[in-house]
1. So, of the residues in the stretch 41-53 that are free of Cβ contacts under 8 Å to residues at least 40 places away in the same chain and surrounded by 14 or more Cβ atoms within 10 Å (Cβ to Cβ), which turns out to be nearest to Gln91 (Cα to Cα)?
2. Could you grab me the full set of residues in the stretch 112-136 that are part of a helix (DSSP H, G or I) and of a type in the set (D, E, K, R)?
3. Condition first: assigned to a loop (DSSP other than H, G, I, E, B) and either surrounded by fewer than 14 Cβ atoms within 10 Å (Cβ to Cβ) or β-branched (Val, Ile, Thr) (or both). Now tell me which residues in the stretch 141-156 satisfy that.
4. How many of the residues making up the stretch 157-176 are among the basic types (Lys, Arg) and either open to solvent by 80 Å² or more (accessible area, probe 1.4 Å) or not in a helix (DSSP H, G or I) (or both)?
5. So the check is Cβ under 9 Å with 6+ separation or different chains; which pairs have a first residue in the stretch 143-158 that's touching a residue at least 40 places away in the same chain (Cβ under 8 Å) and a second one that's of a type in the set (A, V, I, L, M) and in a helix (DSSP H, G or I)?
6. Scanning for something of a type in the set (Phe, Trp, Tyr) and touching a residue at least 60 places away in the same chain (Cβ under 8 Å), does the stretch 54-75 turn up at least one residue?
7. Can you give me the number of residues within the stretch 13-32 that are hydrophobic (A, V, I, L, M, F, W, C), touching a strand residue (DSSP E or B) at 6+ places or on another chain (Cβ under 6 Å) and surrounded by 24 or more Cβ atoms within 10 Å (Cβ to Cβ)?
Amino acid sequence: MDPNIKTETLVLGGGCFWCTEGAYELVPGVKTVVSGYSGGARKNPTYEQICTGTTGHAEVIRIEYDPAEVTLERLLNLFWVVHDPTTLNRQGNDHGTQYRSVIYYANDAQKAAAEKAKTEAQAKFSDPIVTEISPLGIFYEAEEYHQDYFRKNPDAGYCQYVVKSKVDKMKKALAK
């Protein structure tokens, strides 16, 4: 990546990080997407610990993007498209607090943008949006085998039946 490009980051949780990672990797202006964990108390959590639902962490992605190519508002608006923000601690068959819908903000501008995006998105949903908007704590990068999971495993059952549908939603949204 060009060192002269000034990038920003955004941390989002929309259920399984394989889904949101695969979807956001398609967005023009997004430079990298890293799967990880945030929002909990345990230091350096593992995937196995996260899956117990006792660490307090959510599966999240850290998006590094070029704001000259894609705005924070655009990234947030796409968030409402690629997951269901009206289900508490659940996305499809994935249940537990680790699958919660969450936007972790790094500063006041991100907080304001997240709150505005949530308010505007509510008009598109009949059920209340339950997305948490919280300050970003420590982001822990997930294990290597989780990174670029959909790209590396497109024929895996979960990828075919779950991740692909989220990626397809993103493709459709980007075509508009």
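The values are calculated or read from the model by the stated rules, or taken from the named source; none is laboratory data. Every value quoted in this text rests on a predicted model; they were computed, and no experiment measured them. With ideal geometry, Cβ positions are generated from the backbone for all residues, glycine too; neighbour counts draw on all protein chains shown. SASA here: full protein model, heavy atoms, side chains in, ligands and nucleic acids out. Shrake-Rupley method; radii C 1.70, N 1.55, O 1.52, S 1.80 Å.
1. Going through the qualifying residues, I end up with Gln49.
2. Taking the stretch 112-136 and keeping what is part of a helix (DSSP H, G or I), we get 112-122.
Glu115, Lys116, Lys118, Glu120, listed by residue number.
3. The first filter runs over the stretch 141-156 and keeps only residues assigned to a loop (DSSP other than H, G, I, E, B), leaving 142-143, 147-148, 153-156.
Within the stretch 141-156, Glu143, Pro154, Asp155 qualify.
4. Residues of the stretch 157-176 that are among the basic types (Lys, Arg), as a first pass: 164, 166, 169, 171-172, 176.
Applying the additional criterion that residues be either open to solvent by 80 Å² or more (accessible area, probe 1.4 Å) or not in a helix (DSSP H, G or I) (or both) yields 169, 171-172, 176.
Number satisfying all stated conditions: 4.
5. Cβ pairs passing all conditions: Tyr149/Val163; Phe150/Ala23; Phe150/Val163; Phe150/Val167.
6. Quick first cut of the stretch 54-75, residues of a type in the set (Phe, Trp, Tyr) only: 65.
Remaining after also requiring touching a residue at least 60 places away in the same chain (Cβ under 8 Å): none.
Among the residues of the stretch 54-75, not one is of a type in the set (Phe, Trp, Tyr) and touching a residue at least 60 places away in the same chain (Cβ under 8 Å), which makes the answer no.
7. So the first thing to find is which residues in the stretch 13-32 are hydrophobic (A, V, I, L, M, F, W, C), and the list is 16-19, 23, 26-27, 30.
From the residues that got through so far, the ones that are touching a strand residue (DSSP E or B) at 6+ places or on another chain (Cβ under 6 Å) too are 16-17, 30.
In the following step, the residues that additionally are surrounded by 24 or more Cβ atoms within 10 Å (Cβ to Cβ) were identified as 16-17.
Residues that pass the stated criteria total 2.
Matching residues to (1) more than 13 Å from Cys16 (Cα to Cα); (2) not β-branched (Val, Ile, Thr):
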site	(1), (2)
Cys51	no, yes
Gly56	yes, yes
Pro67	yes, yes
Arg100	no, yes
Gln122	yes, yes
Ser126	yes, yes
Thr131	yes, no
Phe150	no, yes
